[in-house]
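> One structure, as structure tokens, below. Some questions next.
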Amino acid sequence: MISIESPMLVLDASTPHLHAGVIEGGEWLSLAKERGDALTLLPAMAKRIVAESGLDFSSVRSFVHCEGPGSLLGLRLCAMMMETWRVLPGMENARLFAYRSLAVEAAILSVNTGGKFFVATQFGKGNYCVTASDGTECEPCVESGLAALGGEVYVIAQRNQKTLPQGAFGVEYDLTSLPEIVARKPELFRPVEKAEAFSPRLSEYKLWDGKRHISGEN
């Protein structure tokens with residue numbers, strides 16, 4: 001079993017509800033949850049929760065981040081922040097761990113939900129990442145494929161998602177019970193060498209066409 005030294009600094013920006021917290025002794029020393037823009041809110045949240053825990057950043061022994069799936073901008077910001085902290089003086093020996101948002105939500109729901117179910121979240125328009133109730137990742141699918149999964153589907157809504165897929169249940173992503181869940185399933189936290197954002201597909205970029213910017217052209 002992988003040993004995770006505490007205090008652990010946890011950052012999660014996979015959904016519009018941002019989380020930042022410090023875990024020690026199997027419980028939250030401090031936890032903040034706010035809805036909004038990760039770039040504006042998350043750095044201040046991290047600074048505040050470390051101070052509220054009675055610590056400073058040099059006291060952190062493990063960094064834990066949600067690598068996704070979810071909002072790529074928020075996930076990349078978390079990764080950048082953790083990679084920056086790990087090179088600061090006195091923090092070179094801090095370890096790095098990652099987890100998947102859907103696996104954590106499946107474990108949380110399993111405490112009170114019986115039978116087989118699935119947890120999904122949108123990436124790109126009409127496409128979903130899916131994880132089964134036992135934590136197994138399923139193949140990504142389009143919205144119409146959720147109904148064919150063979151069980152109840154719980155959806156973590158992403159920013160600007162106005163409606164849920166037909167027949168699905170909405171669930172609010174909340175990490176209040178994360179310490180207890182990880183105590184039951186420590187494999188949710190995986191040791192990694194580098195903080196990175198998870199995406200089910202490679203990013204696609206269009207080449208810049210300079211002609212669009214020539215004066216006098218429309």
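> Exactly one of these conditions fails for residue 151: (1) modelled with pLDDT of 95 or more; (2) more than 14 Å from the chain's Cα centre (by Cα). Give me its number.
(1)
> Picking from 14, 3, 58, which residue would you name as being under 26 Å from residue 131 (Cβ atoms) and either out of contact with any Gly (no Cβ under 9 Å at 6 or more places or on another chain) or surrounded by fewer than 20 Cβ atoms within 10 Å (Cβ to Cβ) (or both)? Reasoning before the result, please.
Details: 14 fails: either out of contact with any Gly (no Cβ under 9 Å at 6 or more places or on another chain) or surrounded by fewer than 20 Cβ atoms within 10 Å (Cβ to Cβ) (or both); 58 fails: under 26 Å from residue 131 (Cβ atoms).
Step by step, each of 14, 3, 58 is checked, and only 3 is under 26 Å from residue 131 (Cβ atoms) and either out of contact with any Gly (no Cβ under 9 Å at 6 or more places or on another chain) or surrounded by fewer than 20 Cβ atoms within 10 Å (Cβ to Cβ) (or both).
> A further question follows. Within segment 112-126, can one find any residue that is surrounded by 22 or more Cβ atoms within 10 Å (Cβ to Cβ), at pLDDT 95 or above and touching a Lys or Arg at 6+ places or on another chain (Cβ under 8 Å)?
Looking for residues that are surrounded by 22 or more Cβ atoms within 10 Å (Cβ to Cβ), at pLDDT 95 or above and touching a Lys or Arg at 6+ places or on another chain (Cβ under 8 Å), one finds none in segment 112-126, hence no.
> Checking residue 67 against (1) assigned to a helix (DSSP H, G or I); (2) of a type outside the set (A, V, I, L, M); (3) buried (at least 17 other Cβ atoms within 10 Å of the Cβ), only one condition comes out false. Which one?
Condition (1) is where residue 67 drops out.
> Take the conditions farther than 17 Å from residue 67 by Cβ, in contact (Cβ under 8 Å) with a residue 12 or more places away in the chain and either more than 19 Å from the chain's Cα centre (by Cα) or part of a loop (DSSP other than H, G, I, E, B) (or both) and apply them to residue 29. Does it pass?
yes
> Further question on the same structure: List pairs: first in segment 144-164 and more than 20 Å from residue 101 (Cβ to Cβ), second surrounded by fewer than 11 Cβ atoms within 10 Å (Cβ to Cβ), Cβ under 6 Å, 6+ apart or cross-chain?
147/167
> Separate question: Name, by its number, the condition in (1) crowded, with 17+ Cβ neighbours inside 10 Å; (2) part of a strand (DSSP E or B) that does not hold for residue 108.
(2)
The values are calculated or read from the model by the stated rules, or taken from the named source; none is laboratory data. Because the structure is predicted, anything quoted here is derived from the model rather than measured. Virtual Cβ from ideal backbone geometry, glycine too; neighbours counted across all protein chains shown.
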